[in-house]
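These notes concern the structure reproduced below.
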Amino acid sequence: MTRSLASLSSSLSFRRSSSARFYSPNASLALVTPLIAALLAGFLYPVARLIALSFSGGTLSHYRRIFTEPLHLDVLFSTIEVAFVVTVASLLLGFPVAYLMARLSRGLAMAVAACVFIPLWTSVLVRSYAWVVLLQRNGIINRLLIDTGVTEWPLKLIYTEGAVILAMTHVLMPFMILPIYSALRALPPDYVRAARNLGAGPIRAFVAVTLPLSLPGVFAGSVMCFVLALGFYITPALVGGPGSMLMATLIGQQTTVLLDWPFAAALSTVLLAVTLLFVLLFRRMLSLSKGLNSVY
């Protein structure tokens, strides 16, 4: 008995020593170093160069120009407004789709998911140009409205802010559906059944159980949609035209037409700061919602 305990103890000590050697800090550092190098080379260094370029001349003249000229402030606030409206529209349209997918059988849910995510395999340029074809003066929608007697003359649907919001919502809605579907799919059905057994109706069970537990997916989808909408370039440029300028199109104009790279870098830095600010705000809202869920 003593010999067996001694052999077991030596075996365990050998395993602990071999595990310690395998998971040594040096080995972990060697595994992480290529990832850190790739992050530094592919993200941090370009961002640092961008910020340094925005301070060319050693002054704040480019930032002063952004925050003192009404045109640039209007473009910044318009970008935030469009991104907010697109995020809300994607949420209102995407939540029912995700909820339906979560309640269907796995086979039907995969079929619906395929219909939702197949457009992601198509270029954003192609999808944006499709909206140009649909919304133009002689497009399908205007033709349908005229043929059905809704209007006698073609409506101005293209090159408006509404067209930009519509096209961007179509492009970004899958990024809202997927996180919400994942959160709803992970929700145990016993929770809803327990609420129903305790006397809650379908709406009450949804508001008290399903909606609060789906908030992490809602916030994740909202962050992705909002951040992507802030930096969208192709869709506003094609569908919105010159009259619907957002920050991305303004930055593109500065780099390709006016060749004012320092000012474009300052605009990009401001857009990056706004994006980080809203990401932190979303994280704060998510932590508050988790705290409320734990209380109730």
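Computed quantities for the displayed model
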quantity	calculated
Subset of region 146-165 (residues that are in contact (Cβ under 8 Å) with a residue 24 or more places away in the chain, in a loop (DSSP other than H, G, I, E, B) and not aliphatic (A, V, I, L, M))	Y159, T160
Helices (runs of 4 or more DSSP H) wholly inside region 177-250 that include at least 3 residues being of a type in the set (V, I, T), out of contact with any Asp or Glu (no Cβ under 9 Å at 6 or more places or on another chain) and on the phi < 0 side of the Ramachandran plot	215-230
Residue selected from region 110-123 under the condition assigned to a helix (DSSP H, G or I) and without any contact (Cβ under 8 Å) to a residue 40 or more places away in the chain, by the criterion surrounded by the fewest Cβ atoms within 10 Å (Cβ to Cβ)	W121
Pairs with Cβ under 6 Å, 6+ apart, first in region 43-65 and in contact (Cβ under 8 Å) with a residue 60 or more places away in the chain and under 14 Å from T269 (Cα atoms), second surrounded by 14 or more Cβ atoms within 10 Å (Cβ to Cβ) and among the hydroxyl-bearing types (S, T, Y)	L50/S268; I51/T269; S54/T269; H62/S54
Residue tally, condition farther than 26 Å from P212 by Cα and within 22 Å of the chain's Cα centre (by Cα), over region 82-114	2
Residue in region 198-207 that is more than 22 Å from S128 (Cα to Cα), surrounded by fewer than 16 Cβ atoms within 10 Å (Cβ to Cβ), small (G, A, S) and at pLDDT 85 or above present	no
Segments classed as helices (runs of 4 or more DSSP H), wholly inside region 1-108, with at least 3 members that are surrounded by 12 or more Cβ atoms within 10 Å (Cβ to Cβ) and modelled with pLDDT of 80 or more	45-54, 61-68, 70-103
Criterion: touching a residue at least 60 places away in the same chain (Cβ under 8 Å) and surrounded by 14 or more Cβ atoms within 10 Å (Cβ to Cβ) - qualifying residue of L286, L228	L286
Residue selected from region 124-145 under the condition among the aliphatic types (A, V, I, L, M) and in contact (Cβ under 8 Å) with a residue 60 or more places away in the chain, by the criterion farthest from Y233 (Cα to Cα)	L135
Pick from region 73-108, criterion small (G, A, S) and touching a residue at least 24 places away in the same chain (Cβ under 8 Å), ranking: farthest from A167 (Cα to Cα)	A102
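The values are calculated or read from the model by the stated rules, or taken from the named source; none is laboratory data. Just so we're clear, the structure is a prediction, and the values are computed from it rather than from any experiment. Note: ideal-geometry Cβ built from the backbone for every residue, glycine included; neighbour counts use all protein chains shown.
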